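As structure tokens, the structure follows; a few thoughts come after it.
Bear in mind that the values in this text are calculations on the coordinates, not laboratory data. Note that the structure is predicted; figures quoted are calculated from it, not measured. In this analysis, Cβ positions are derived from the backbone assuming ideal geometry, glycine residues included, and neighbour counts consider all displayed protein chains.
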Amino acid sequence: MKIGIVGGGQLAQMMIQAGASLGVSFALLALESDESATAICSEVHRVQGFDREGVAAFVDTCDLVTFDHELVDPAILEAIPGAAAKVFPSAQTLRMSANKARQREMLQAQGIPSPEFVIALDSGQLREAVEGTGFPAVAKAAHGGYDGRGVFYLENADDLESLLSRLPGSFELIVEPKLELEAELAVLVARSRSGEIALYPVLRTVQLDSVCNEVWAPSGFGECIEETALGYGRRIAEAVGSVGMLAIEMFVVNGEVLINELAPRPHNSGHLTIEGCRVSQFENHLRGVMDLPLGPTDLVAPAAAMANLLGPPDPVDLVAGLAPVLEVDGARPHLYHKSYRKGRKLGHVTALADSAEAALEIAREGAAAALSVRAGS
Ligand SMILES: Nc1ncnc2c1ncn2[C@@H]1O[C@H](COP(=O)(O)OP(=O)(O)OP(=O)(O)O)[C@@H](O)[C@H]1O
Ligand SMILES: [Mg+2]
């Protein structure tokens, strides 16, 4: 069984790690800039971009194909004969879940709450949208943004003018009010090709400058919020017909759960499932794509937490940082084979404990230790 992964980042790396013990071999369709998974995969097809010819040739050499990101145009998948039978999630799922504007429209159609938003396709519409929303507002690229790269906070008219001067000729943005977030949650849903569903425990996430920084479970929210969040997760997975993992990012605002966005793949918030849950999001992603029975998702300890290793302002030596992090009792480091860049996700550290606070403390201590050695020292 050879599974092709489009993209060669850390999600692909951790899929390969999980798939190896299921006897799966892997091939990657990777950009020149992809570093993580290409370091551990023997078959790498390098491409400049994801055009129809390149994707079709790759699909042809694999038994099944899945994704580490959402950069392939669903229209390309639809145009490849035979792709519907072996590429998961499907082009149709990607249409509904890989573009923030389409996601929000789908949620509206389902009657599932999300922040109030307006879609803007040109500068006139953007001005109008921000006028309607008022300041402070948030404008977000509907497609292609990640780790906060397509998120623009607009505090005043100057911010709006500055954004307008930087935008390309054609764009699609969603504009919404900047909300007072009580908390952010993530619901991870595994779904197989036959429609079996498994929900992970609700995760609490903390973003730093719009980038995921820390995650823990249990979320600390009561049954009411958690059940609402899980219920939305199940309904959304069914509505978009996801296969493999679907991650749903949610806001808690005034005690109400609002859907922020979806990601039709394993997700940063689910990295703690590797040590923290009976079957990880990466293994369940592959099981769903292969149409195997899904595995149990419950926590193996009372609590689990994860801290990301985000590139600090000065370059660090992660290999030299291994000894210090391994000395932190209970800290489990994961490195992504990536070169240092400020703010870049270079790895993460997971910890299990009797409480979320205790797990978080170990994960934080481990992350600080992992980043404690300056490059060249
Ligand atoms: N309307 C809002 N009000 C307040 N904060 C917001 C709002 N929208 C987004 N944010 C903050 O910015 C973060 C990133 O936004 P969003 O998830 O939409 O973008 P992204 O770049 O696709 O994220 P990711 O890091 O998941 O790829 C959110 O997790 C949240 O912390
Ligand atoms: Mg997000």
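Around CYS277, which amide H atoms from residues at least 5 apart in sequence, or from another chain, sit under 5 Å from its own amide H, with H modelled in the peptide plane?
Here VAL300 satisfy the definition.
With no solvent and one point per C-alpha, what does the Debye sum give as log10 I(q)/I(0) for segment 183-370 at q = 0.12, 0.15 Å⁻¹?
-0.56, -0.86
Is the C-alpha gyration tensor of segment 132-193 telling us rounded, prolate or oblate? Criteria: a/c under 1.5 is rounded; beyond that, a/b larger than b/c is prolate, otherwise oblate. If you can, show how the numbers build up before the last one.
Numbers: a/c = 2.92, a/b = 1.53, b/c = 1.91.
Oblate, because a/c is 1.5 or more while a/b does not exceed b/c.
Can you flag which of LYS86/LYS342; LYS140/LYS345; LYS100/LYS178 are past 27 Å Cα-Cα? Let's see the in-between values first.
Numbers: LYS86/LYS342 38 Å; LYS140/LYS345 21 Å; LYS100/LYS178 16 Å.
Too far apart for the 27 Å limit: LYS86/LYS342.
Springs between alpha-carbon pairs under 10 angstrom, Gaussian network model over the chain: which of ALA57, ALA307, ALA30 fluctuates most?
ALA57
Expressed as a whole percent, how much of the Cα-Cα distance distribution for segment 1-148 exceeds 27 Å? Could you put the intermediate results ahead of the total?
Numbers: 3714 of 10878 pairs.
For segment 1-148, the fraction of Cα-Cα distances above 27 Å is 34 percent.
Among CYS224, CYS41, what is the fewest-to-most ranking by other Cβ atoms within 10 Å? Intermediate results must be reported in sequence, preceding the final value.
Values: CYS224 10, CYS41 18.
Ascending Cβ contact count within 10 Å gives the list CYS224, CYS41.
Per q in 0.09, 0.14, 0.18, 0.22 1/Å, what log10 I(q)/I(0) does a Debye calculation on the alpha-carbon atoms of segment 158-294 return?
Scattering profile of segment 158-294, log10 relative to I(0): -0.31, -0.68, -0.99, -1.29.
Taking the number of other C-beta atoms within 10 Å as the exposure measure, put ARG46, ARG235 in order starting with the fewest.
ARG46, ARG235
What is the distance in Å between the Cα centres of segment 171-222 and segment 302-360?
Value for the Cα centre distance between the two parts: 20 Å.
Just rank SER21, SER210, SER162, fewest to most, by other beta-carbon atoms within 10 angstrom.
The order, fewest Cβ neighbours first, is SER21, SER162, SER210.
At 0.692 mPa s and 37 °C, plugging the Kirkwood radius over alpha-carbon pairs of the chain into Stokes-Einstein gives what diffusion coefficient in µm²/s? Write out the running numbers ahead of the final one.
On the way: Rh = 21.3 Å.
Approximately 154 µm²/s, per Stokes-Einstein.
What is the set of long-range amide H partners of ILE5 at a cut-off below 5 Å, with H atoms built 1.01 Å from backbone N?
Correct list: ALA27, LEU28, LEU29, THR66.
Could you identify which residue out of GLY276, GLY241, GLY150 has the top mean-square fluctuation in a GNM of the chain using Cα springs shorter than 10 Å?
Highest fluctuation among the options: GLY150.
Amide H to amide H, which residues 5 or more places from ARG344 or on other chains are under 5 Å from it, using H placed in the peptide plane?
The answer is GLY311.
May I ask you to give the average projected area over all directions of the convex hull of the Cα atoms of segment 2-87, in nm² rounded to one decimal?
On the way: hull surface 19.7 nm².
Mean projected area of the Cα convex hull: 4.9 nm².
GNM on the chain, C-alpha springs below 10 Å: top fluctuator among ILE197, ILE40, ILE16?
ILE40
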